[in-house]
1. Report, to the nearest 10°, how far helix 256-268 tilts away from the longest principal axis of the Cα atoms in the chain, using its own Cα long axis and a range of 0 to 90°.
2. Work out from phi, with θ = phi - 60° and the Karplus expression 6.51 cos²θ - 1.76 cosθ + 1.60, the ³J(HN,Hα) of each residue of region 98-104, listed in order in whole Hz, and give x for Gly and Pro.
3. What is the sum of charges, Lys and Arg at +1 and Asp and Glu at -1, for the other residues whose Cβ falls under 12 Å from the Cβ of A427?
4. Could you work out how far helix 386-400 tilts from the main Cα principal axis of the chain, as a 0 to 90 degree angle to the nearest 10?
5. What does the helix-only formula give at 222 nm for the chain: each DSSP H stretch with n ≥ 4 adding -39500 (n - 2.57), the total divided by the residues, and the result rounded to the nearest 500 deg cm²/dmol?
6. Roughly how many Å² of D186 are accessible to a 1.4 Å probe, to the nearest 10?
7. Can you give the local net charge around D411? Use residues other than it whose beta-carbon is closer than 14 angstrom to its beta-carbon, Lys and Arg +1, Asp and Glu -1.
8. Can you bin region 437-542 into rounded, prolate or oblate? Criterion: square roots of the alpha carbon gyration tensor eigenvalues sorted a ≥ b ≥ c, rounded for a/c under 1.5, prolate for a/b above b/c, oblate for the rest.
Amino acid sequence: MTEPLHDYAFIADGERGALVGPQGDIDWMCFPRWHSPAVFAGLVGGAGRFTVRPHQPCVSGGAYEDDSLVWKSRWLNGQGVLECRQALALPSSPNRVTMLRRICATRGDHHVQVSLQPAQEYGRVVAGRWSGRGSVRCWTARGGDVEWRLSGIAGARVKRDSLEMTLALHEGETHDLVLEIGDDLDSPVSADELWDSTAAMWRRALEAVPSTREIRHSFAILRGMTASTGGTVAAATTSLPERADHGSYDYRYVWIRDLCFMGAATAVAHCDDFAAPAARFVTERLLADGDQLAPAYTVDGDPVPAERHVGFTGYPGGGDVVGNDVRSQFQLDPFGEALRFFALCDELGVLDTAGWRAARVAAQTITDRWTEPDAGIWELDARRWTYTRLACIAGLRAIAARPGAEDDSRDWLRVADQILVELAATACRENGAWQRAPDDARIDASLVLGGLRGAIPATDPRHRATVDAVERELAKDGYVYRFREDEDRSPDDFEGAFVLCNLWMSLSATADGDLVKATRWFERALATAGPAGLFAEEFDVRQRELKGNLPQAFVHALVIEAAHAICESEVASG
């Protein structure tokens, strides 16, 4: 049986991540990079698992160690309490991963089942035969150019394509398992050294992050999802269903818009050591591709592969999709989001000369192409989406206000005014609220960003009317949906509530000074997460289930921004 998404934990080292199930299964991990084929694919019905679990029936639980992605599974049964501390070791390498699992008989004596089934290509290819090395307590296998080595498993046996072992632990005893996967493994490193370096690097990564628990946890998630290139993947998984009968996509890539959301949120929270690498990634892509900037890239900055089906069974209700056809879309709003992000980076003092050149590329693209239809924030059919143009206005105004804009600021503000005049004439409802597009009078939750990001003042009647319309037409039971696909049916007939939208509404209420409402929207968003505090893109309000790929990075980014805004407002109000 596949576990509900709600029950998974997540460990990561920046170059790839793994999902840990409540029964001790590593059910998902790609190697060597985020977008590579999975070597553990149990999540989507494929082969490949690494299991550590009690021999007896148990009640499962767990928690992260403070300020880290070190997850400690905990099982309670008739023998007492058994724990397994697990992490991907730091420092990381793009071509090698080390998974640490430290088993501890916290209370009572226990028998523990250990099983490792290595696989490649989403479980369609089982890795080579195991060979044991009893003198160093490790086993090795090779599949193609990849070597697997599991240390701490003396006495294991090979059962078909798996390595199996039953481990007896007395109360107070611990046992380390170290799994290494790479193309050229050198001598094994002791588990103690690996644990020490991993804990130290997590402490350093979060030492400057604000003390709010939600901010620090979401920041740890984003850290774990950010490669050495500065790119943060949108999610760690592919093909997890957004609806029961539709919507399976591959999110293991860096969306420029999402990265700007993340960079801006961390910049607002004064976490500039995250914002600076993100700005470099966006800068490099803008300078390389100009007005042909793709909506998404691999973490290496390469094109996203075309969408294809690879033949795994899929998570229940999901598909078998890898790659993403977003590569063929034109999206204009990332240029506006990039400008706003660059302006925040300049305010922090981390926007360099190359960043300013990239800003001018983005501003020129908006000037040249703002009248063209584009796929918009929700990646739908190409239209003149209102949100897209509001994002461009906000970005142009933000960058024009920076001292480095010099003589360009007047031209950028002129274009921003021109776009706003056109929107006012074609994209407003009779009550003054923005509508999705000139030919679509429906409301859209993304439109609240117009007043939040500075396209228009937050006091502008159009913004107030838009916020009221979103709350009236798209909110249900305290959760917010993106838009209505059919005016005659409830939005949850089609998809789950969009967690990101709750956080936008929280930011809006904070800006209005209504901390009660802001906290209510915020807490509803937090309530969608599972025990590990991971957010998916959508939440099925009726069944209280996570929907879509996870962890969803832009949700964690907006948790940081919304939590910071509430805290700042509380301090200001005394």
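1. Roughly 90 degrees between the two axes.
2. Coupling constants for region 98-104: 10, 9, 9, 9, 10, 9, 9 Hz.
3. Numbers: positive: R383, R384, R389, R429, R436, R442, R462; negative: E422, D439, D440, D444.
Residues near A427 contribute +3 overall.
4. Rounded to the nearest ten degrees, it is 80.
5. Values: 13 runs with 190 residues, N = 574.
Helix contribution divided over all residues of the chain: -11000 deg cm²/dmol.
6. Around 90 Å² of this residue is reachable by solvent.
7. On the way: positive: R360, R397, R410, R414; negative: D368, E406, D407, D408, D417.
Net local charge, D411 excluded: -1.
8. Details: a/c = 2.06, a/b = 1.15, b/c = 1.79.
Note, shape of region 437-542 comes out oblate.
The values are calculated or read from the model by the stated rules, or taken from the named source; none is laboratory data. It should be emphasised that the depicted structure is a prediction, and the values quoted were computed from it without experimental measurement. For neighbour counting, all protein chains shown are included, and Cβ atoms are generated from backbone atoms with ideal geometry for every residue, glycine included. Only protein heavy atoms, including side chains, enter the accessible area calculation; ligands, DNA and RNA are left aside. Shrake-Rupley method; radii C 1.70, N 1.55, O 1.52, S 1.80 Å.
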